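See structure below.
What follows is calculated from the coordinates using simple rules that are stated; it is not laboratory data. Nothing here was measured: the structure is a model prediction, and the numbers come from that model. When we count neighbours, we look across all protein chains shown, and the Cβ atoms used for this are built from the backbone with ideal geometry, even at glycine.
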Amino acid sequence: MVSKTNSQSKRREIERQALQIVLDAGEKGILQSDLWRSLGTTSREGSRISLRLERRKLIKRVKELNEERWTYRLYAIKRSVNLDSIIDCPCLICELSDKCDEAGAVSPIKCSNFTKWLLTPFRRRSPET
Ligand code: SF4
């Protein structure tokens, strides 16, 4: 009998593989049927995987007519990382950062520079405004 943890880790691994396939497909996306063929799963399992990825907002499914049958084309949802919100954080250039620790003598809890930065609204810190 397969344990619950074992089956969950298998499921996560197959979802990770599925996401990688969708990511590799790039802007043209991939048909859901091609995904489950690549994964070696059934169409039913392939649909479940793509639905789970969609629920987690990792992919989007767009309905498409292919060979006279309705299916879905899958696209990865890419999230760009934006460092604007922390680019002026004093910790990034602080000479004491090696010694700074929540429980230490040098601590973000006691640091006036960090507190001041933290309490300044992002919009006022942002160079665009
Ligand atoms: S919290 Fe203060 S002391 Fe600590 S790394 Fe940031 S700026 Fe430096």
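The figures follow:
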{"quantity": "Those residues of the stretch 61-111 which are charged (D, E, K, R) and touching a strand residue (DSSP E or B) at 6+ places or on another chain (Cβ under 9 Å), in sequence order", "calculated": "Arg61, Lys63, Glu64, Arg73"}
{"quantity": "Any chance Ala103 is away from the ligand (no atom under 12 Å from the Cβ) and more than 25 Å from the chain's Cα centre (by Cα)", "calculated": "yes"}
